[in-house]
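Visitor: Starting off with a structure, shown below.
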Amino acid sequence: MRRATRRRLRAAVVYAALAVVTAVTCFPLFWAALTSVRPHDEMLSVRLLPARVTGEHYGALLGGRRMYFESGSGYRPTSAPAQHFLAWFANSVIVSVSTTVLSVGVSTLAAYSLTRFSFAGQSVVPYFSLLGYMVPSIIYVFPLFLLIVPLGLADRLPSLVLGYISITLPFCMWLMWAFLKSIPLEIEEAGLIDGASRLQVFRLIVLPLAVPGIIATSIFSFIVAWNDYLIARIFINTITQMPLTVGVMHFFEGVHVDWGLMMAAAVLMTLPLAVLFMFVQRHLIAGFGAGAVKG
């Protein structure tokens, strides 16, 4: 009985600590959600729950209305339009999906060649790839800028895709290499003996087994492209071409900040990733833990 009691007490302490950590971690998101539905006259209130709930901030983002703030005699429009939010959202989706598809496709093929074919330097390529990921992204900005200008990609979304791939591809290849290395070669050899081609083995046997690793790699690439600010801020100047991370900074107007719009935008920016994590959490954990298990 004493051992069972100690075990329950230990479990209660652990769960209590986890609950505290979870509450501290989630509180900023909770506060952002509450602030996004506060009316303007309660924006600086210290009360946790708003006395009145409003959807005007979401309407300003999704309905295309300019943002307003109170100035002396009344409300006047600012020069920073909120009507571009949906365009920014679409830009972020296009860039993030394109980066994810290209990074996962190239890294999967590269990792398969590293784990299935023999050539000089085969054993060191994955580690050199990981070394490339460890280089700060700011180092890539100037060389990439010199590359995209002659190609005519400056101030266009493909320049962001190129910049993000240079960041995500090294780690994606290393992660897929670690995952494909854990898939037994005997499974592929059985398919080859049964008459399947190398391409059929890769498409019908390897890819289905590699789904957890592909999902983990996809989530990593998508998050990097979705959350990046530095490269987008340098490469994009046209307001209609901006992704969300750069566009929402236009809600700052001098010394004024429209916190309602900012928090509503933060909630809408976080929601897609939160929903995505809910659906792929199991595969994500399996993919990141693949390198720890052999065969």
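Visitor: If you go through segment 178-187 one residue at a time, how many are part of a helix (DSSP H, G or I) and open to solvent by 30 Å² or more (accessible area, probe 1.4 Å)?
Guide: 3
Visitor: If we scan segment 260-267, do we find a residue that is within 30 Å of P28 (Cα to Cα), in contact with an Asp or Glu (Cβ under 8 Å, 6 or more places away or on another chain) and not hydrophobic (A, V, I, L, M, F, W, C)? Working first, answer last.
Guide: Kept after step one, since they are within 30 Å of P28 (Cα to Cα), are these residues of segment 260-267: 260-267.
Keeping just the survivors that are in contact with an Asp or Glu (Cβ under 8 Å, 6 or more places away or on another chain) gives 260.
Now restrict to residues that are not hydrophobic (A, V, I, L, M, F, W, C): 260.
Taking every residue of segment 260-267 in turn, at least one turns out to be within 30 Å of P28 (Cα to Cα), in contact with an Asp or Glu (Cβ under 8 Å, 6 or more places away or on another chain) and not hydrophobic (A, V, I, L, M, F, W, C).
Visitor: I'd like to check which helices (runs of 4 or more DSSP H) are fully inside segment 211-258 and have at least 3 residues that are in contact (Cβ under 8 Å) with a residue 24 or more places away in the chain, open to solvent by 10 Å² or more (accessible area, probe 1.4 Å) and of a type outside the set (S, T, N, Q).
Guide: Answer list for segment 211-258: 211-227.
Visitor: Can I ask one more? Select from segment 253-295 the residues that are more than 18 Å from R38 (Cβ to Cβ) and of a type in the set (D, E, K, R) and write down the one among them that is modelled with the highest pLDDT.
Guide: The residue in question is R282.
Visitor: Could you tell me whether segment 142-152 includes any residue that is within 30 Å of L207 (Cα to Cα) and within 23 Å of the chain's Cα centre (by Cα)?
Guide: To start, the set of residues in segment 142-152 that are within 30 Å of L207 (Cα to Cα) comprises none.
Within segment 142-152, none of the residues are within 30 Å of L207 (Cα to Cα) and within 23 Å of the chain's Cα centre (by Cα).
Visitor: What do you reckon, is G163 at pLDDT 85 or above, closer than 21 Å to S98 by Cβ and part of a helix (DSSP H, G or I)? Talk me through it step by step, then tell me what you get.
Guide: Working: at pLDDT 85 or above: yes; closer than 21 Å to S98 by Cβ: yes; part of a helix (DSSP H, G or I): yes.
In short, yes.
Visitor: Take the residues of segment 90-114 that are closer than 20 Å to F179 by Cβ and without any contact (Cβ under 8 Å) to a residue 60 or more places away in the chain: which is farthest from the chain's Cα centre (by Cα)?
Guide: The selected residue is S113.
Visitor: Is at least one residue of segment 188-208 of a type in the set (A, V, I, L, M), part of a helix (DSSP H, G or I), within 30 Å of A90 (Cα to Cα) and out of contact with any Cys (no Cβ under 9 Å at 6 or more places or on another chain)? Outline the logic, then answer.
Guide: Narrowing segment 188-208 to residues of a type in the set (A, V, I, L, M): 190, 192-193, 196, 199, 201, 204-207.
Filter once more, keeping what is part of a helix (DSSP H, G or I): 190, 192-193, 199, 201, 204-207.
Checking the rest, the ones that are also within 30 Å of A90 (Cα to Cα) come to 207.
When the remaining residues are screened for being out of contact with any Cys (no Cβ under 9 Å at 6 or more places or on another chain), the result is 207.
Yes, segment 188-208 has at least one match.
Visitor: Test each condition in (1) at pLDDT below 90; (2) open to solvent by less than 30 Å² (accessible area, probe 1.4 Å) for T99 and report the one that comes out false.
Guide: T99 satisfies all of (1) at pLDDT below 90; (2) open to solvent by less than 30 Å² (accessible area, probe 1.4 Å) except (1).
Visitor: Out of everything in segment 48-80 that is in a loop (DSSP other than H, G, I, E, B), farther than 23 Å from T270 by Cβ and charged (D, E, K, R), what residue ends up being modelled with the lowest pLDDT?
Guide: R66
Visitor: Does F202 satisfy being in contact with a Phe, Trp or Tyr (Cβ under 9 Å, 6 or more places away or on another chain), touching a residue at least 24 places away in the same chain (Cβ under 8 Å) and open to solvent by 70 Å² or more (accessible area, probe 1.4 Å)? Steps first, please.
Guide: Details: in contact with a Phe, Trp or Tyr (Cβ under 9 Å, 6 or more places away or on another chain): yes; touching a residue at least 24 places away in the same chain (Cβ under 8 Å): yes; open to solvent by 70 Å² or more (accessible area, probe 1.4 Å): no.
So F202 fails the test.
The values are calculated or read from the model by the stated rules, or taken from the named source; none is laboratory data. Keep in mind the model is a prediction, meaning the values are calculated, not measured. Positions of Cβ are generated from backbone atoms using ideal geometry, with glycine treated the same way; all protein chains shown enter the neighbour counts. What goes into the accessible areas is simple: the full protein's heavy atoms, side chains included, and nothing from ligands, DNA or RNA. Shrake-Rupley method; radii C 1.70, N 1.55, O 1.52, S 1.80 Å.
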